[in-house]
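Worksheet: one structure, shown below.
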Amino acid sequence: MQEKTVLVSGATGFIGSHFCRAALARGMRVIALSRDKTKAQALLPDTHVISRLDELGPDEPVHYLVNLAGEPLVAGRWNEKRKQAFFDSRVGMTNRLLAHFQQAAVPPKVMVSGSAVGYYGPHQDRLLDEAAKYHDGFSHRLCAAWEQSARQFEQLGTRVCCVRTGIVLGRGQGALARMLTPFKLGLGGQLGSGKQWMPWIHIDDEVAVIFHCLKRSDLHGSVNSVAPNPVTNRQFTRALGQALHRPTIVPMPAPVARLLFGEMADELLLTGQRVYPRKLLESGYHFRFPELGLALSEILGNGEGES
Ligand SMILES: NC(=O)c1ccc[n+]([C@@H]2O[C@H](COP(=O)([O-])OP(=O)(O)OC[C@H]3O[C@@H](n4cnc5c(N)ncnc54)[C@H](OP(=O)(O)O)[C@@H]3O)[C@@H](O)[C@H]2O)c1
């Protein structure tokens with residue numbers, strides 16, 4: 001993939017910034033699309049930063065498009081205004097990218113667009129591959145609308161992969177970083193019944209999966225981006241406690257979670273889905289971190305997950 005240009009929306013985010021650095025290391029030219037040029041340029045000094053798509057010329061070649069922008073889901077309680085922002089920032093951004101490339105001389109060859117395991121909605125213990133049925137709910141509708149808008153690029157001849165991503169684990173950012181303080185204080189514990197599944201993926205695998213999707217011409221449509229060994233919330237809690245050498249005896253009962261987090265509790269915390277990366281495994285993707293223990297010890301090994 002030498003000297004190819006990749007345009008990245010959400011480049012300053014957790015996944016986007018890791019992807020941009022890895023793309024630069026592979027010799028790619030990276031164009032970062034960000035609402036805040038100054039912040040993006042400071043974070044990613046070797047990228048070409050733009051804040052509007054019309055800063056790209058119609059003839060500027062963009063070989064790959066990686067579309068990750070989205071208002072964070074866990075930054076606070078959900079209300080109608082925030083829920084609209086979740087849609088606008090994902091579906092609206094994707095539609096703006098589409099409108100731009102409809103006018104471009106050459107559309108991107110491949111697009112990898114974000115999605116999430118929330119596509120499947122809440123499930124019990126059934127193993128869910130990409131063909132599994134969904135249960136309706138807000139998370140499903142958000143992911144489905146995002147995927148649908150991304151797949152409009154297929155009309156331009158672009159191959160599209162929508163990565164249905166699990167909880168991304170990495171150092172200093174994302175869900176794990178938010179969990180560390182209570183766990184380090186010995187205040188960690190299972191959420192609700194603890195039986196809900198938590199599909200997860202190490203950040204290095206998430207980035208490698210995006211490259212795998214860009215490279216493998218046989219992959220298209222939805223691609224589950226999760227490690228092949230999902231765990232329940234109870235197993236996750238125990239593994240994190242062990243990795244930090246802390247007790248995990250302070251559970252958060254479901255009613256307390258609902259009181260604290262509102263609707264988000266039932267959509268993201270108290271329910272889950274046992275997702276399986278069938279397409280990745282069948283296309284020969286080799287996970288660097290297939291087991292949670294391995295991922296946690298790599299992330300927490302030095303400095304216990306601080307950035
Ligand atoms: N991390 C996970 O565990 C996980 C799991 C499943 C799915 N996902 C999805 O994958 C995508 C990337 O995840 P991430 O963890 O890298 O997210 P992140 O760290 O929150 O970054 C998202 C990026 O989106 C842009 N953004 C935020 N609010 C926006 C808005 N209102 N309008 C337009 N752009 C906005 C921001 O870029 P600028 O400020 O530079 O514009 C930000 O850097 C997200 O859409 C997320 O929902 C993440």
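The values are calculated or read from the model by the stated rules, or taken from the named source; none is laboratory data. None of these values were measured; they are calculated from a predicted model. In this analysis, Cβ positions are derived from the backbone assuming ideal geometry, glycine residues included, and neighbour counts consider all displayed protein chains.
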Check your understanding: Does any residue in segment 23-40 that is part of a helix (DSSP H, G or I) and near the ligand (Cβ under 10 Å from one of its atoms) come within less than 6 Å, Cβ to Cβ, of a residue that is modelled with pLDDT of 95 or more and not hydroxyl-bearing (Ser, Thr, Tyr) six or more places away or on a different chain, and which pairs are these?
Key -> Lys37/Val49; Ala40/Ala32; Ala40/Val49
Practice item. Restrict the check to segment 164-183 and report whether at least one residue is more than 15 Å from the ligand (Cβ to nearest atom) and not in a helix (DSSP H, G or I). Key: no
Practice item. Could you please tell me which pairs satisfy a Cβ distance under 7 Å, a separation of 6+ or placement on different chains, a first residue in segment 62-91 that is touching a residue at least 40 places away in the same chain (Cβ under 8 Å) and under 14 Å from Met264 (Cα atoms), and a second residue that is assigned to a loop (DSSP other than H, G, I, E, B) and more than 13 Å from the ligand (Cβ to nearest atom)? Key: Arg77/Gly262; Trp78/Gly262
Study note, to complete from the structure: Of the residues in segment 41-59, those that are without any contact (Cβ under 8 Å) to a residue 40 or more places away in the chain and either among the polar types (S, T, N, Q) or in a loop (DSSP other than H, G, I, E, B) (or both) number 8
Practice item. Go through segment 255-270 and give me each residue that's surrounded by 13 or more Cβ atoms within 10 Å (Cβ to Cβ) and either within 25 Å of the chain's Cα centre (by Cα) or among the charged types (D, E, K, R) (or both). Key: Ala257, Arg258, Phe261, Gly262, Glu263, Met264, Ala265, Asp266, Glu267, Leu268, Leu269, Leu270
Practice item. Residues being under 18 Å from Pro108 (Cβ atoms), near the ligand (Cβ under 9 Å from one of its atoms) and outside any helix (DSSP H, G or I): count how many of those fall in segment 1-22. Key: 3
Check your understanding: Any residue in segment 82-100 that is at pLDDT 95 or above, surrounded by 15 or more Cβ atoms within 10 Å (Cβ to Cβ) and away from the ligand (no atom under 13 Å from the Cβ)?
Key -> yes
Exercise for review: Can you give me the ranges of the helices (runs of 4 or more DSSP H) entirely in segment 185-265 with at least 3 residues that are closer than 24 Å to Leu127 by Cα?
Suggested key: 203-215, 233-244
Revision key, fill the gap. Here the residues within segment 212-242 that are in contact with a helix residue (DSSP H, G or I) (Cβ under 6 Å, 6 or more places away or on another chain) and surrounded by 20 or more Cβ atoms within 10 Å (Cβ to Cβ) are Leu219, Val223, Ser225, Val231, Leu240
Practice item. Say whether the condition of being in contact with a Gly (Cβ under 7 Å, 6 or more places away or on another chain) and hydrophobic (A, V, I, L, M, F, W, C) is met by at least one residue in segment 215-222. Key: no
Exercise for review: Scan segment 184-217 residue by residue and report those that are within 16 Å of the ligand (Cβ to nearest atom) and either within 18 Å of Gly293 (Cα to Cα) or among the polar types (S, T, N, Q) (or both).
Suggested key: Gln196, Trp197, Met198, Pro199, Trp200, Ile201, His202, Ile203, Asp204, Asp205, Glu206
Practice item. Tell me, yes or no, whether segment 239-251 has at least one residue that is closer than 30 Å to Cys162 by Cβ and of a type in the set (S, T, N, Q). Key: no
